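*Asks:* Take this structure, written in structure tokens, and hold onto it; I'll ask about it next.
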Amino acid sequence: MKRKILVTGGTGYIGSHTTVELIEEGFEVIIIDNLCNSKADVVNRIHKITGVKPLLEVFDLCDQKKLDSFIQKHKDISAFIHFAAFKAVGESVNKPLDYYRNNLVSLINLLEVMKCYGIPDLVFSSSCTVYGQPEKLPVTEDAPLQPATSPYGNTKQIGEAIIRDTTISDKNIKAISLRYFNPIGAHASALIGELPEGVPENLVPYLTQTGIGIREELKVFGDDYDTSDGSCIRDYLHVVDLAKAHVIAIKRLIEGNNKTNYEVFNLGTGNGVSVLEAIRSFERVSGIKLKYKIVGRRAGDIEKIWADPSYANKELGWRTLSSLDEAMKTAWDWEKTIRSNKL
Ligand code: NAD
Ligand code: WQD
């Protein structure tokens with residue numbers, strides 16, 4: 001019988017790619033999403049890619065009663081992957097209570113149903129944002145966490161702590177927090193990808209929207225950092241590589257191969273890429289000369305960070321397979337698909 005996995009936020013960017021990979025690995029996927037940052041039609045596109053349409057239940061995970069009655073109908077769920085969260089750093093500074101409520105209440109509700117219905121396994125979407133500006137690079141999982149610079153970042157730190165404490169108090173619950181670096185790109189089919197609302201905060205959607213002509217020019221936030229070319233450095237990984245890590249993490253928990261009841265892994269390529277190098281990658285794969293200008297630094301930006309993914313490489317047997325150019329090309333193909341109204 002197929003193992004049933006509950007994917008929260010499964011119509012969102014990373015959740016939809018992970019749903020595809022889970023289905024392709026033979027899992028049955030059920031999605032809960034309130035569609036606050038995604039569209040229901042994503043499940044039809046997942047169907048086109050995989051031949052399977054996952055069940056989508058539309059409700060807010062902060063609604064404990066709805067979650068409880070949903071789980072009562074699906075007591076055979078083996079594990080949860082929890083993507084659902086608000087994720088805009090800037091917005092979180094202006095709406096901290098919305099962020100704390102949405103990201104933490106939903107998590108607590110999930111953990112409560114896990115305890116109540118004996119669902120043992122959880123994979124949680126965490127972020128490299130928990131490290132702030134690390135002293136040592138590349139950053140390993142045991143690097144000290146820095147005080148969060150935004151309410152969003154704080155929800156990831158607090159979320160990790162809530163999960164860790166729950167696994168300590170209840171030995172039946174096992175969890176893995178995956179600290180993502182910078183996911184970019186889209187599925188090779190160009191049927192699913194990132195759909196930022198309004199003006200994108202993140203570099204790659206801004207780049208592709210500039211390339212297609214929706215934005216006039218890209219602003220590069222600073223060229224006076226202590227880096228090779230003066231622009232900030234990040235670790236950009238292909239979202240499909242990232243999605244595959246979730247399948248491995250879920251199998252690790254289900255098969256009981258976890259070393260401790262709470263584990264943390266960095267998910268990145270291990271390569272630092274500057275903003276200017278990312279622009280050159282975009283120009284190579286699109287053949288477009290990008291309009292950009294250097295402006296002042298963005299408040300709160302980290303100067304440089306990239307992952308040491310060797311623990312995930314060794315323990316999960318996972319590594320990224322796509323190059324920056326390959327990931328960038330899929331981001332560009334996705335941008336062209338959205339704008340051509342082919343979806
Ligand atoms: P996304 O916004 O595309 O997906 C999140 C999904 O969750 C959306 O479909 C949204 O509608 C849903 N959702 C939000 N709150 C909900 C609630 N209360 N109830 C039900 N559904 C809800 O975001 P994403 O980029 O796919 O990110 C997924 C996870 O990964 C998030 O937890 C995010 O913080 C984390 N993360 C993302 C990045 C990144 O750069 N994209 C990096 C590190 C970590
Ligand atoms: C990347 C680089 C910018 C836009 C975010 C979240 C963090 C985590 C990862 C979720 C930076 C530069 C950007 C632009 C630019 N997400 N840039 N012009 O800063 O690593 O962090 O994603 O957990 O919490 O904050 O990603 O894509 O915003 O920026 O020059 O228009 O691109 O300064 O150096 P970042 P990003």
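*Asks:* Set the Förster distance to 25 Å, then compute FRET efficiency between E217 and R339 from the Cβ-Cβ distance, nearest 0.05.
*Replies:* It comes to 0.90.
*Asks:* In the stretch 151-290, if the dipole is taken from +1 on Lys/Arg beta carbons and -1 on Asp/Glu beta carbons about the Cα centre, which of S274, N182, L203 is farthest to the positive end?
*Replies:* N182
*Asks:* Per-residue accessible area for L145 at 1.4 Å probe radius, Å² rounded to 10?
*Replies:* 80
*Asks:* Taking the Cα centroid of the stretch 42-79 and of the stretch 190-243, what is the distance between the two, rounded to the nearest whole Å?
*Replies:* That distance is 31 Å.
*Asks:* Round to the nearest 10 and report in Å² the accessible area of E28, as given by a 1.4 Å probe over the protein chains' heavy atoms.
*Replies:* Result for E28: roughly 80 Å² accessible.
*Asks:* Also: Can you tally the lysine pairs in the stretch 80-188 where the Cα-Cα distance is under 16 Å and the two residues are eight or more apart, or on different chains? Display every interim value, and only then the final one.
*Replies:* Working: K87/K95; K87/K156; K95/K156; K115/K171; K115/K174.
Close lysine pairs found across the stretch 80-188: 5.
*Asks:* Any chance you could run the full-extension gain for D170 through Y311? It's 0.36 nm times the residue separation minus the Cα-Cα distance, nm to one decimal.
*Replies:* Working: separation 141, 0.36 × 141 = 50.76 nm, distance 2.56 nm.
Between D170 and Y311, full extension yields 48.2 nm more.
*Asks:* From the phi of every residue in the stretch 163-176, what ³J(HN,Hα) in whole Hz does the Karplus formula 6.51 cos²θ - 1.76 cosθ + 1.60 yield, where θ is phi - 60° and glycine or proline is x?
*Replies:* With the stated coefficients, the stretch 163-176 comes to 5, 4, 5, 5, 5, 6, 7, 10, 5, 7, 9, 10, 8, 10 Hz.
*Asks:* Also: In the chain, what percentage of the DSSP-assigned beta bridges are antiparallel, given to the nearest 5?
*Replies:* Of those bridges, close to 5 percent are antiparallel.
*Asks:* Between the stretch 265-335 and the stretch 97-135, what is the C-alpha centre distance in whole Å?
*Replies:* Result: 26 Å between the Cα centres.
*Asks:* Follow-up. What is the magnitude of the charge dipole of the chain about its Cα centre, with +1 placed on the Cβ of each Lys and Arg, -1 on the Cβ of each Asp and Glu, and no other charges, expressed in debye to the nearest 20? Could you put the intermediate results ahead of the total?
*Replies:* Working: 42 positive and 44 negative charges, 141 e Å.
Charge dipole, the chain, about its Cα centre: 680 debye, nearest 20.
*Asks:* Now, a different point. Mind checking the full-extension length gain between S69 and N44? Use 0.36 nm per residue of separation minus the Cα-Cα distance, one decimal, nm. Working shown, then result.
*Replies:* Numbers: separation 25, 0.36 × 25 = 9.00 nm, distance 2.54 nm.
Full extension from S69 to N44 adds 6.5 nm.
*Asks:* While we're here: Looking at the stretch 14-89, which trypsin sites (Lys or Arg not before Pro) are DSSP coil and have at most 12 other C-beta atoms within 10 Å of their C-beta?
*Replies:* K75
*Asks:* Tell me, what is the per residue accessible area of the chain in Å², probe radius 1.4 Å? Kindly include the intermediate steps, with their values, before the conclusion.
*Replies:* Values: 15020 Å² over 343 residues.
That works out to 44 Å² per residue.
*Asks:* Using the Karplus equation 6.51 cos²θ - 1.76 cosθ + 1.60 (θ = phi - 60°), what ³J(HN,Hα) coupling, rounded to whole Hz, does each residue of the stretch 77-86 give in order, writing x for Gly and Pro?
*Replies:* 5, 8, 7, 10, 10, 9, 9, 4, 5, 7
*Asks:* When the dipole is taken about the Cα centre of the stretch 281-343, and only Lys, Arg (+1) and Asp, Glu (-1) are charged at their Cβ, what size is it in debye, to the nearest 20?
*Replies:* The calculation lands at about 380 debye.
*Asks:* Okay, next question. Carbon and sulfur: what percent of the chain's accessible surface (1.4 Å probe)? Display every interim value, and only then the final one.
*Replies:* Details: 7510 of 15020 Å².
Looking at the chain in its full context, I get 50 percent from C and S.
*Asks:* In the stretch 172-298, with Lys and Arg counted as +1 and Asp and Glu as -1 at Cβ, which of these residues, Y292, I173, C232, has the Cα nearest the positive end of the dipole, that is, farthest along it?
*Replies:* I173
*Asks:* OK, next. In the stretch 166-222, which trypsin sites (Lys or Arg not before Pro) fall in coil by DSSP and have 15 or fewer other Cβ atoms within 10 Å?
*Replies:* Sparse-neighbourhood loop trypsin sites (Lys or Arg not before Pro): K171.
*Asks:* Here's another thing I want to ask about it. Given H placed 1.01 Å from N in the peptide plane, which residues other than close sequence neighbours of I233 have an amide H under 5 Å from its amide H?
*Replies:* Under 5 Å from the amide H of I233: K304, I305.
The values are calculated or read from the model by the stated rules, or taken from the named source; none is laboratory data. Since we're looking at a predicted model, the values are computed, not measured. Don't worry about glycine lacking a Cβ; one is built from the backbone with ideal geometry, like all the others, and counts go over all protein chains shown. Remember, those area values only see protein heavy atoms, side chains included, never the ligands or the DNA or RNA. Shrake-Rupley method; radii C 1.70, N 1.55, O 1.52, S 1.80 Å.
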